[in-house]
Every structure is written in structure tokens, then in C-alpha cells.
1. For the list (1) assigned to a helix (DSSP H, G or I); (2) in contact (Cβ under 8 Å) with a residue 24 or more places away in the chain; (3) open to solvent by less than 60 Å² (accessible area, probe 1.4 Å), I need the number of the one condition that L212 fails.
2. Mind listing just one residue for me: the one in region 101-134 that is among the basic types (K, R) and open to solvent by 70 Å² or more (accessible area, probe 1.4 Å) and, of those, nearest to ligand 1 (Cβ to nearest atom)?
3. Going through region 135-147 one residue at a time, which ones are within 14 Å of ligand 2 (Cβ to nearest atom) and open to solvent by 80 Å² or more (accessible area, probe 1.4 Å)?
4. Find all pairs meeting these conditions: Cβ atoms under 7 angstrom apart; at least six residues apart or on different chains; first residue within region 109-130 and free of Cβ contacts under 8 Å to residues at least 60 places away in the same chain and closer than 16 Å to P89 by Cα; second residue open to solvent by 60 Å² or more (accessible area, probe 1.4 Å) and within 16 Å of ligand 2 (Cβ to nearest atom).
5. Somewhere in region 140-158, is a residue among the aromatic types (F, W, Y) and either closer than 13 Å to T87 by Cα or not in a helix (DSSP H, G or I) (or both)?
6. Across region 74-100, what is the total count of residues that are hydroxyl-bearing (S, T, Y), over 19 Å from N208 (Cβ atoms) and surrounded by fewer than 21 Cβ atoms within 10 Å (Cβ to Cβ)?
7. Of the conditions (1) more than 16 Å from ligand 1 (Cβ to nearest atom); (2) in contact (Cβ under 8 Å) with a residue 60 or more places away in the chain; (3) under 12 Å from the mean Cα position of the chain (by Cα); (4) open to solvent by less than 10 Å² (accessible area, probe 1.4 Å), I52 satisfies every one except a single condition; which number is it?
8. Look through A25, A82, A44 and report the one residue that is aliphatic (A, V, I, L, M) and either in a helix (DSSP H, G or I) or modelled with pLDDT under 90 (or both).
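The values are calculated or read from the model by the stated rules, or taken from the named source; none is laboratory data. From a predicted model like this one, the values you see are computed outputs, not experimental measurements. Every residue, glycine among them, receives a Cβ derived from its backbone with ideal geometry; neighbour counts consider all protein chains shown. Accessible surface areas use protein heavy atoms only, side chains included; no ligands, DNA or RNA. Shrake-Rupley method; radii C 1.70, N 1.55, O 1.52, S 1.80 Å.
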Amino acid sequence: MQLQNHLIFKPPFLLFCFLIYIGCAKAQVSIPPKPDGFWYHNRAPNPDSVVIEAFFDPLCPDSRDSWKPLKEAIQNYGSSIALVVHTFPLPYHDNAFLASRALHIVDKLNVSVTYHLLEAFFGQQEKFYGRATSNLTRAFVQEEIARFVVDTVGRSYSPAIFGGFRDVNSDQATRISFKYGGLRGVYGTPTFFVNGFPLPDAGSALDNNGWLRILDPLVNKQGSHRG
Ligand SMILES: *[C@@H]1O[C@H](CO)[C@@H](O)[C@H](O)[C@H]1NC(C)=O
Ligand SMILES: *[C@@H]1O[C@H](CO)[C@@H](O)[C@H](O)[C@H]1NC(C)=O
């Protein structure tokens, strides 16, 4: 008897959830005009590049710790590697969405300063989450973040940055990055893909040797393929 009840009532409930899900999804998912992400040194890949995709939460300590070795690895290999960073604000990191949005705002203003701002967030993360902001309103924190961004990238950008936080497009762009991560199965940060394949251990930082082990064989093959 109980089992029968279970069978009778479960399908309508699931259908209900599904309809809600479709309703939300329809309102928000649209194909972006260009692929998501910030190319490091504004260097998009050529057909021979090894492509690294990194999903970072700018307020995530593990993302911060993974950045230095990744940056060094890329400097080591030069233009054979193209890196694109996607923002992926984790719901359990306070204000991560606002910090991610700041990156989208700045990237739209000048792609040459996006990574400078990312590094600034990595350097001073503790200002923006946990106890530091637990008694502050979202509006106040947004103001603080906007001020921090202006201090980092320059006074001349001030009106554009404050305006950017009022512009729905920067909100949309930040949502698109998040949805893109969802489509790729990302659930933590940092998460890396190399030539489209996921690296194991999402959420933990690779050290310099880790990157060398992964990239050396790929870059060498790529060279011999070209020669
Ligand atoms: C973008 O930023 C770079 C680095 O700060 C600067 O040299 C360049 O002039 C800026 N470009 C524009 C259009 O503001
Ligand atoms: C937040 O506010 C409460 C109540 O005023 C206070 O007791 C607490 O110490 C504050 N916390 C921080 C982290 O400032």
C-alpha cells in the first residue's frame, strides 16, 4: 500500500520540479555572442596551441594558490600555450559573484587589466569574505569592491566601474560564465581542462612539477607535429 502511494505521488511532484526548472532556465540561458572567458595576455589559441581552461573563483584560496605555478608554467612555454580563465563563483564563498562581476566589468573596459585585477583579488581575498563582511549589506560590499577595483586599475575607470555594477550586461556575463562551468561539469575551483580534457583533483592546486609533467609531453609532441 505504501509503495503504491509512493508510485502515485512521486511522478506529479517530479513533473512539478521539472516545470519550475524549465521555467527558470528558459528565462536565463541564452547563447552568448562570443565564447566565455578571459584569454591570458589577450592571446587566443592558434590551431597548434595547447589550451588550458581554468575555472577560478576570485575569492577562493585554492584558486589563489594554484595561480602562481600555472602562471610560471605558461611563462616557461611561451606562446605554445593559450590560457583562458572563466569565473566560477562558488555559492559558499561570500561575495564571490560580485568579485567575478568586477572582473567582467573590467575586462569589457580594457582586457589588458583583467588579470591584474584577478591577482589583486587573490592578494587581498580576506577583505571580502567571512568575518570581514559578515555584518555588511550586499550594497555596501558592492561599493567596497567597486572602490577596490578603482584603486587597482586606475581612477580614470571610476565612472565606468561604478556604472558597470548598475549595468545588467555585466550581471548577465557573470551568469553566463557560471552556467558555462555548469555545462562543463565544474563543481569546485580551481578546475582545469587541458585541450578540453579535465585534470583530476578539481579543487586542489597543481604545483610547478605537476604542470611540467602534464605540459611537457604535450608541448613536445606539438613541436614535432609542426616540424
Ligand atoms: C589598457 O590598459 C593598458 C595597461 O594598463 C594601458 O597601457 C592601455 O592604454 C589601456 N587601454 C585603454 C584603451 O585604456
Ligand atoms: C557583528 O555585529 C554583532 C552585533 O552588533 C557583533 O556582536 C559582532 O561582533 C559583529 N561581528 C563582526 C565580525 O564584526
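1. Status for L212: all satisfied but (3).
2. K108
3. N135, T137, F140, listed by residue number.
4. From region 109-130, the pairs are G130/D94.
5. There is no residue in region 140-158 that is among the aromatic types (F, W, Y) and either closer than 13 Å to T87 by Cα or not in a helix (DSSP H, G or I) (or both).
6. Within region 74-100, residues that are hydroxyl-bearing (S, T, Y), over 19 Å from N208 (Cβ atoms) and surrounded by fewer than 21 Cβ atoms within 10 Å (Cβ to Cβ) number 2.
7. (3)
8. Residue meeting the stated conditions: A25.
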